[in-house]
Amino acid sequence: MATTKKKGATQNRPGQSNKSQINELIDALNEDLAREYQAIIAYTVYSNILTGAEWMKIADELKLHTSEELQHAMIIADQIDYLGGKPTAVPKPVKLSDKAEEMIRFDLDNETETIKNYRQRIKQAEAIGHYALAEQLRKILVQEQEHQHDLATALGVDVPRVFEDGA
Ligand SMILES: [Fe+2]
Ligand SMILES: [Fe+2]
């Protein structure tokens with residue numbers, strides 16, 4: 001019969017994860033993990049070298065961010081392992097500056113980049129039906145938005161936009 005579909009290994013059944021989509025997700029999660037390491041290092045260093053009375057409050061907040069970023073790294077590494085991948089050991093580079101304001105600006109830019117990436121990652125996880133990962137990523141995203149807000153507040157600037165339509 002002409003309408004009968006051939007049996008074939010290349011045919012994806014609904015709900016069946018595509019191997020290449022999983023590999024893409026693993027690679028992207030390793031980029032996320034490298035960004036989490038970058039954040040851990042940056043917050044550890046910045047919170048200790050920030051000087052000046054006006055920066056002391058944000059320095060304390062950066063110390064809190066450090067431990068949250070470590071939790072994120074542990075969750076992402078665990079999920080990479082669950083998907084059959086190997087967690088990276090290499091962080092994204094950390095920029096340094098003698099100026100406190102510049103360091104906070106680097107952090108803010110990194111958080112904005114991280115938020116954009118996690119939004120994308122949630123879509124990828126849902127596309128393959130990995131709802132548990134999507135759920136974990138949503139919780140991380142909430143904390144990243146708090147970090148972004150803390151940094152924007154310390155700099156006295158608007159929270160950078162992350163949505164394509166400019167919101
Ligand atoms: Fe994080
Ligand atoms: Fe963060």
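The values are calculated or read from the model by the stated rules, or taken from the named source; none is laboratory data. What you see is a predicted model, and the numbers here were worked out from it, not measured in a lab. Heads up, the Cβs are rebuilt from the backbone with ideal geometry, glycines too, and the neighbour counts pull from every protein chain shown.
Below, the figures for the structure above:
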item: Pairs where the first residue, in region 117-145, is within 16 Å of ligand 1 (Cβ to nearest atom) and the second is modelled with pLDDT under 95, C-beta under 9 Å, 6+ apart; result: Arg119/Val162; Arg119/Phe163; Gln145/Val159; Gln145/Val162
item: Sole residue being within 21 Å of Asn23 (Cβ to Cβ) and among the hydrophobic types (A, V, I, L, M, F, W, C), chosen from Leu108, Leu62, Leu137; result: Leu137
item: Of residues in region 94-103 being more than 22 Å from Ser67 (Cβ to Cβ) and exposed (fewer than 13 other Cβ atoms within 10 Å of the Cβ), the one farthest from ligand 1 (Cβ to nearest atom); result: Asp98
item: Inter-residue pairs, beta-carbon under 7 Å, first among the small types (Gly, Ala, Ser) and in region 57-73, second surrounded by 14 or more Cβ atoms within 10 Å (Cβ to Cβ) and assigned to a helix (DSSP H, G or I), 6+ apart; result: Ala59/Ser47; Ala73/Leu33; Ala73/Glu36; Ala73/Tyr37; Ala73/Ile40
item: Index of the failed condition, Ala89 passing every other in (1) in a helix (DSSP H, G or I); (2) more than 16 Å from ligand 1 (Cβ to nearest atom); (3) more than 15 Å from Tyr43 (Cα to Cα); result: (1)
item: Subset tally (residues that are buried (at least 19 other Cβ atoms within 10 Å of the Cβ) and basic (Lys, Arg)) for region 104-123; result: 1
